[in-house]
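A quick write-up on the structure given underneath.
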Amino acid sequence: MAAAAIAAAATAVALSAAPATSSPGRAGAEVAPAAGAALHRQIMEKGREIRQAYVERRRLREQLAERIVEVYRSGPPEPLELVLTSDSLSDAFENYRLLERISGLDAGLAAAVKGSAGRIRELKAQREALREAWRDRLAAIAHCESRGRPDAVSPGGQYRGKYQFDLTTWNAVGGRGDPAAAPEWEQDRLAAKLYRQRGPQPWPVCGPPAG
């Protein structure tokens, strides 16, 4: 039984070791659009990392489950059993060293499963921080443009809504009708789309971060 248990454990170990007056469209100083696009890419990349971390965690848990089942079926050999079933004393020492190595790798696999959960939490916190930065940037633009009022209209009537869209820009990102009459969530959605495409450039005064 000892030899069979060691062989099965060695196979499982081998498996586990595998690897304020500005508005959209208004003329003004050009600002590179990279800021909005780059932030959006970072959020998307963090999402991909989280998905990969979940895949890795599932792989580790499956390997650990296989090891637990194998140990439950055959039981880990006792040191005395290793000596009695070995052909020589040197074989017994070699088998004992293998058993210690397997036990150490099993502990490492269990630690990796536990650590994978912490990694996922860390990645989610990083993604949430990026999303918060995105929301803060749009909120700052809205406050600067209209004090956050969805029905705001510029004195001349050209720039409208929470983000002071002109009709050309509004239509370009998929808006319909009057921006100032659109639901606030729709204005938020299309402003986010515009910011993702062009960064702060459409809001030359309010778009660039302060400082």
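The numbers here are math on the coordinates, done by the rules we state, and not lab data. Keep in mind the model is a prediction, meaning the values are calculated, not measured. Cβ atoms come from the backbone with ideal geometry, glycine included; neighbour counts cover every protein chain shown.
Remarks
- Subset tally (residues that are closer than 12 Å to Leu138 by Cβ and acidic (Asp, Glu)) for the stretch 185-208: 1
- If you check Arg160, Arg121, Arg147 for being among the charged types (D, E, K, R), surrounded by fewer than 16 Cβ atoms within 10 Å (Cβ to Cβ), over 18 Å from Arg196 (Cβ atoms) and over 31 Å from the mean Cα position of the chain (by Cα), only one passes: Arg147.
- All positions within the stretch 160-178 that are in contact with a strand residue (DSSP E or B) (Cβ under 7 Å, 6 or more places away or on another chain) and closer than 17 Å to Pro204 by Cα: Arg160
- Checked against the criterion of being assigned to a helix (DSSP H, G or I) and either surrounded by fewer than 14 Cβ atoms within 10 Å (Cβ to Cβ) or touching a Gly at 6+ places or on another chain (Cβ under 8 Å) (or both), the candidates Ala192, Ala111 yield just one match: Ala111.
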